[in-house]
Amino acid sequence: MSFTTLGLSEPLLRAVAEQGYETPSPIQAQAIPAVLTGRDIMAAAQTGTGKTAGFTLPLLQRLLQSGKEQGKKVSPNCIRALVLTPTRELAAQVQESVATYGKHLPLRSAVVFGGVGINPQMMAMRKGVDVLVATPGRLLDLYNQRAVRFNEVEILVLDEADRMLDMGFIHDIKKVLALLPKQRQNLLFSATFSGEIRTLAAGLLQNPLQIDVAPRNTTAERIEQTVYAVDRGRKTELLSKLIRDHNWEQVLVFTRTKHGANRLAEKLERDGITAAAIHGNKSQGARTKALADFKASNVRVLVATDIAARGLDIEQLPHVVNFELPNVAEDYVHRIGRTGRAGASGEAVSLVERDEEKLLKAIERLTKQSLPRQIVPGFKPDPNAPRQPDEDERPARPPQARRARPAGAKSDGSRSGKSTEGQARSGHAPKTNKPHPQQGSLRRSAQPASGRHRQARPAGSDKP
């Protein structure tokens, strides 16, 4: 099968060919013809399967056809297709795909997300756009300021819907859905078909075609996975050695926390290895620059938390390192899926200390495989060594050391007038079965002015 057999128009086929693609991936081969027929889609696709092009290409063609047939021109501040994503990086990536494949079409597109000024985004919406890629928080900010209108929406795409639910965006999603025209095409893409996803789909999709191109919680066969046993205090030293000995030139490293990502990047820099950190506390400009430098090979190591890395699409990324194992086994699958993308091979390395063995066993149960263990000479763990406290585990200040927040005070940085993507806007933690705090900051309700003090954050609770 080739792209020419899927029913795409010549301008789209030309754009695909210019990117060097000839054969569609399984998700593209199934999704593109279905979307072109106007059906609602519920698709499960792991990261790196080409799902973005799987909905971008037919979406652009449907907009082009309906525009020609009905003489449609988008009205000021209106949009014809809306793509919702959970993170800024993923939004930017989807918009890049829309621009790449739509380069030969007379369609306008834009991307909006928090962390940057809202005024340029309001200006971009004045003439209306055919495709708007957005994070939920900033989209509602624009709507509340009457900078965007939804009455002309023909197609809605929820990308990485499972992550949006994990991040607490369900209330924002429901608000957006209530504002959209009832007659529209809906496309839902998710890494898994969890119970929550099926519940969301039941209220959103009409007679959907279900596509599942990969079993749930499987890892790509093209990814070589290795576990290195090491004492906690020597992880950075071992990581530097592996990078140098194997001449790794592009490495994505995962830590659990923002503070840990900053600290590791600084240590690697001091060791002569160029590195940058990317996480929710970084400004959007800093995140964009770090990713651009990494893609351009100006930075050898990109250290990231799970939320910041969601949606990163780095072609031919050869190496992923779990500096710390994730607390939730499913996140391991998402992490290592950053490599081995679109048919390429990749290597996933995990640095595991004694106290992470339970996490490792949970990953092996989930993925139904035993991961090979290795020990680098000179780094054999000492089984009798006392447990080393994590560098993130600082003594918490006693409650009396913190002043109670005045009633109505904001804790989410909203005084700047900028949305903070990755936060739940409802004031409530998202419903989840995960045993650890969700990635990204959750808004805390303002404390009443009753003299009560907020509880001290427990040691080791630095959030990613």
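The values are calculated or read from the model by the stated rules, or taken from the named source; none is laboratory data. This one's a predicted model, so the numbers in the text were calculated from it and none came from an experiment. Cβ atoms come from the backbone with ideal geometry, glycine included; neighbour counts cover every protein chain shown.
Scanning the stretch 104-157 for residues that are in a loop (DSSP other than H, G, I, E, B) and either of a type in the set (Ser, Thr, Tyr) or touching a Phe, Trp or Tyr at 6+ places or on another chain (Cβ under 7 Å) (or both) yields one hit, Thr135. Listed by position, the helices (runs of 4 or more DSSP H) inside the stretch 247-320 whose residues that are closer than 21 Å to Val227 by Cβ and at pLDDT 85 or above number at least 2 are 258-270. Meeting the requirement of 2 or more residues that are basic (Lys, Arg) and at pLDDT below 90, the helices (runs of 4 or more DSSP H) wholly within the stretch 1-103 are 51-70. For the stretch 86-134, which positions are within 16 Å of Thr288 (Cα to Cα) and either among the polar types (S, T, N, Q) or free of Cβ contacts under 8 Å to residues at least 12 places away in the same chain (or both)? Thr87, Gln93, Gln95, Glu96 - these are the residues of the stretch 86-134 that are within 16 Å of Thr288 (Cα to Cα) and either among the polar types (S, T, N, Q) or free of Cβ contacts under 8 Å to residues at least 12 places away in the same chain (or both). Look at Arg270 and say whether it is exposed (fewer than 15 other Cβ atoms within 10 Å of the Cβ), within 25 Å of the chain's Cα centre (by Cα) and charged (D, E, K, R). Spelling it out, it is not the case that Arg270 is exposed (fewer than 15 other Cβ atoms within 10 Å of the Cβ), within 25 Å of the chain's Cα centre (by Cα) and charged (D, E, K, R).
Kindly evaluate Asp141 against the criterion of being acidic (Asp, Glu), surrounded by 19 or more Cβ atoms within 10 Å (Cβ to Cβ) and more than 30 Å from Phe193 (Cβ to Cβ). Against the criterion (acidic (Asp, Glu), surrounded by 19 or more Cβ atoms within 10 Å (Cβ to Cβ) and more than 30 Å from Phe193 (Cβ to Cβ)), Asp141 qualifies.
Within the stretch 202-225, does at least one residue satisfy the condition of being in a helix (DSSP H, G or I), buried (at least 21 other Cβ atoms within 10 Å of the Cβ), in the same structural domain as Gln61 (by TED's automatic domain parsing) and at pLDDT below 95?
No - not one qualifying residue is present in the stretch 202-225.
Put simply, of Thr37, Thr100 the only residue that is surrounded by fewer than 18 Cβ atoms within 10 Å (Cβ to Cβ), over 26 Å from the mean Cα position of the chain (by Cα) and of a type in the set (Ser, Thr, Tyr) is Thr37. Can you name the residue in the stretch 109-118 that is modelled with pLDDT under 95 and of a type outside the set (A, V, I, L, M) and, of all such residues, is surrounded by the fewest Cβ atoms within 10 Å (Cβ to Cβ)? It comes out as Gly117.
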